[in-house]
Amino acid sequence: MTVNSLSKNQITTALTERATNSKGRRLSPESLLAMTDGKVDRPPLDALAGQSILNPRQFDRRTVVAISQLAAMLELRNVEIDKPLDGKIAITAFFEPSTRTRLSFESSVQRLDGKVLSVPDGQVTGIAKGESLADIGEMFNTYGDVVIMRHPDTDSIDEIRRNLQRPLINAGNGSGHHPTQALIDWYALLKWRPELSLPNCPPDRRVHLGIIGTPGSMRAVKSFLRLSLMFAGSVERITLISEMADPVGLDLTEPIEESPIPIDIVNDVQDVLPTLDVVYVNSIAFLGDSYRNLDNRFKLDASSNLKSDAVIMHPLARNDELSEDLDETDHNLYFAQAAGAVFVRQAVLTAVLDRLSRISGI
Ligand code: CP
């Protein structure tokens, strides 16, 4: 494997100054980079130049780990001085509400000296007058260098790409996918337990992953599961806990059948909960063109029968399925998970916009 080295004096640690989550576990980017002596695996990142990021199936394990290594480096270093996105314009086009995704993308771009054109609500565009997404895509070709779009329709990706020639980052398309959320989820897991990044993860460090949700209707859950299937050897078993009889959906039927990871589907959480190392939970589902809560009869709170060292992940926003009384506990990985978003999105944008060479030391 070709890697480029990051010398120790180039890793400017500013732990006391670094903004992080206020509650729950704090994660250490150093521990992930220590697995490769501070090195970032560059070739899979170079391969992302000019690419759209649409579906997690376009990644492989090596790329996910490389993006996480770069994110860890960006989290540790003051890369603002390199101005890696200087002269680049990102368009964030959000036709559906968002707290984390739009703002963390915009923060990522601005902290790297790029500029943002923000559409926080599709109704301020010609959509309100009947304009098509395909025509909007045509306009975006001259307005920006990369487009980050969220839309409630699963087929919105195909529609805007009829004319769009710039790289498109799918920030959530209906019940489709949310690929950068899944990268953020795995970045949190790899910081939490860095041995999971190794092709030969020691057996006693492998995890039993539980997913409370319905991947077929929940894009974040679906994308997380899709990436998790790439970590055979690190994930020893996956248990899906859903109130639906067939929660998987068409997209993932084949990858699940082909995966060497044993996967169970159960309808109740009580028996399996004490066996899980990681519990990924979500309740917001897309059904048709609107969202509603599914699986929210499975509630986690501080009295839940969790393993003492189990961690809980959630893409957020949460509803009643995840009690605030877990926030102050060590089970809370979800705030640290969200806190990593800016660095993962910086890594993705720097690679897609072919500006890795502007970051000194990789
Ligand atoms: N995780 C996530 O997609 O959050 P937002 O809906 O706030 O963007």
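Some values worked out for this structure:
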| item | result |
| --- | --- |
| Two-decimal log10 I(q)/I(0) for the range 310-362, as the Debye equation yields it once each C-alpha is a single scatterer, q = 0.12, 0.29 Å⁻¹ | -0.43, -1.13 |
| Burial ranking of peptide ranges 31-42, 145-156 (average Cβ count within 10 Å, highest at the top) | 145-156, 31-42 |
| Solution diffusion estimate, µm²/s, Stokes-Einstein, the range 22-77, Kirkwood Rh from C-alpha pairs, 25 °C, viscosity 0.890 mPa s | 197 |
| Fluctuation leader among Pro120, Pro29, Pro84 - the chain, Gaussian network, Cα springs under 10 angstrom | Pro120 |
| GNM flexibility winner over the chain from Glu195, Glu243, Glu138 (Cα, springs under 10 Å) | Glu138 |
| Distant-in-sequence amide H partners of Val116 (H built 1.01 Å from N, under 5 Å) | Ala90 |
| Where only alpha carbons of the range 229-362 are counted, the Rg and the Dmax (Å) | 17.5, 51 |
| Added length on full extension, which subtracts the Cα-Cα distance from 0.36 nm per residue, Asp135 to Asp268 | 43.2 nm |
| Note, ³J(HN,Hα) from phi for the range 291-307, Karplus 6.51, -1.76, 1.60, rounded to Hz, x at Gly and Pro | 10, 8, 8, 10, 6, 8, 7, 8, 10, 10, 8, 5, 8, 5, 7, 8, 4 |
| Accessible carbon and sulfur surface of the range 179-339 relative to its total accessible area, %, 1.4 Å | 44 |
| Candidate lysines for bridging to Lys222, where Cα separation is under 23 Å - those fewer than 8 sequence places away on the same chain excluded | Lys191, Lys299 |
| Solvent-accessible area per residue for the chain (1.4 angstrom probe, square angstrom) | 41 |
| Residue with peak Gaussian network fluctuation, the chain [Cα springs, cutoff 10 Å], from Ala232, Ala128, Ala310 | Ala128 |
| Hull volume in cubic angstrom per residue (convex hull over the Cα atoms of the chain) | 129 |
| Unit charges on C-beta of K, R, D, E only; dipole of the chain, Debye | 1120 |
| Helical mean residue ellipticity (222 nm; -39500 (n - 2.57) per DSSP H run of 4+; nearest 500) of the chain | -8500 deg cm²/dmol |
| Length added when fully stretched, Arg297-Thr142, from 0.36 nm per residue minus Cα-Cα | 51.0 nm |
| Stretchable slack from Ala34 to Ser98, in nm (0.36 nm times residue separation minus alpha-carbon distance) | 19.6 nm |
| Cα-derived Rg over Rh, computed across the range 91-211 with Rh taken as Kirkwood radius | 1.09 |
| Cα centroid separation - the range 28-94 against the range 176-228, whole Å | 17 |
| Dimensions in Å of the range 258-321 - Rg and Dmax from alpha carbons | 13.4, 39 |
| Residues with amide H under 5 Å from that of Ile169, placed H, sequence gap 5 or more | Ile53, Val147, Ile148, Met149 |
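The values are calculated or read from the model by the stated rules, or taken from the named source; none is laboratory data. All values derive from a computational prediction rather than experimental measurement. Using ideal geometry, Cβ is built from the backbone for each residue, glycine included, and neighbour counts are taken over all protein chains shown. We work out accessible area using only protein heavy atoms, side chains counted, and drop any ligands, DNA or RNA first. Shrake-Rupley method; radii C 1.70, N 1.55, O 1.52, S 1.80 Å.
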